[in-house]
């Protein structure tokens, strides 16, 4: 099937309209009519060849929300008309220790990315900036019917990327959670941590988004440009989730943790982090990382968001606005996620 799409043809050229081939639906697969595709900063890094080798032309997008239009003969988990989504990967080896333990996002043989990878059919994978996608049903998610598809699309990356560490480090009643940054990831972390029952604080460079943060569920909002913030909050948090990719002074943020607290990276700074051992030893503190979530955990996150009415705050754009949106993402000029209306392709 030939479908409309938007592709990058080179790292230094604008994205452009094209058509791509989607395979026929196999017995274990489904075909999704994509309705909305979120723009993640990872898309931009990939398109601009900032994270390694890219095979051009490439169609990116791993925040995919749509409607099932066809199911394979062996598929019983989906029916035509179901709301469905695809996140950052579309397959894994299914055989390694992690896959068997339900940690397919940490597949020891490497999960197959929704784009810039090679599928089991030997063909390059192509992502959500397109009209249709075919994928193995085991790697497709049910989107609760009460969540608008445009608001649900970013949950497939930004939502689970923040849900996973909050869940793993037991955010909930009685826990003090700090969220560094109120952007595409941070605004999801605040909503989810609040719904989990934690006391939530935003740690941002300034107070310009304070009103937004509080509306999303933050109990407190602090400016990290104010030196008193680090003095007043020393030893305060059980968990801090760092959602930004800026090169921060990690030691200063570790000082905000209580004994046995954890600082978890979900953003990816461009430079190696300099962390003296005593910044961790001095309070049995943990500096950790977390990458997206398993298929099972992503479904758990979607169900949680459906139960609590949590969606991303989005600006829906047309296909013609994608290149402009990329520049605005880089300039942090979006509140809080761009979503492409694929009807405009």
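This table checks each residue for (1) farther than 18 Å from residue 315 by Cα; (2) part of a helix (DSSP H, G or I); (3) not assigned by TED's automatic domain parsing to the domain that holds residue 61.
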{"position": "144", "(1), (2), (3)": "yes, no, no"}
{"position": "147", "(1), (2), (3)": "no, no, no"}
{"position": "152", "(1), (2), (3)": "no, yes, no"}
{"position": "170", "(1), (2), (3)": "yes, no, yes"}
{"position": "188", "(1), (2), (3)": "no, yes, yes"}
{"position": "192", "(1), (2), (3)": "yes, yes, yes"}
{"position": "195", "(1), (2), (3)": "yes, yes, yes"}
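Residues in region 141-180 that are on the phi > 0 side of the Ramachandran plot and surrounded by 19 or more Cβ atoms within 10 Å (Cβ to Cβ): there are none.
Selection of strands (runs of 3 or more DSSP E) fully inside region 210-328 by the criterion of at least 2 residues being touching a residue at least 24 places away in the same chain (Cβ under 8 Å) and surrounded by 13 or more Cβ atoms within 10 Å (Cβ to Cβ) returns 237-242, 257-265, 286-289, 314-317. Residue count for region 52-93 satisfying the condition of being under 12 Å from residue 125 (Cα atoms) and outside any loop (DSSP other than H, G, I, E, B): 4.
Checking the condition within 22 Å of residue 269 (Cα to Cα) and either out of contact with any strand residue (DSSP E or B) (no Cβ under 7 Å at 6 or more places or on another chain) or modelled with pLDDT of 95 or more (or both), which residue from 80, 67, 59, 54 passes?
Selected residue: 54, the only one of 80, 67, 59, 54 that is within 22 Å of residue 269 (Cα to Cα) and either out of contact with any strand residue (DSSP E or B) (no Cβ under 7 Å at 6 or more places or on another chain) or modelled with pLDDT of 95 or more (or both).
When residue 177 is tested against (1) assigned to a helix (DSSP H, G or I); (2) in contact with a helix residue (DSSP H, G or I) (Cβ under 8 Å, 6 or more places away or on another chain); (3) under 21 Å from residue 304 (Cβ atoms), just one condition goes unmet, and that condition is (1).
The values are calculated or read from the model by the stated rules, or taken from the named source; none is laboratory data. As the structure is a computational prediction, the values presented were derived from the model and not from experiment. Ideal geometry is used to build each Cβ from the backbone, glycine not excepted, and the neighbour counts take in all protein chains shown.
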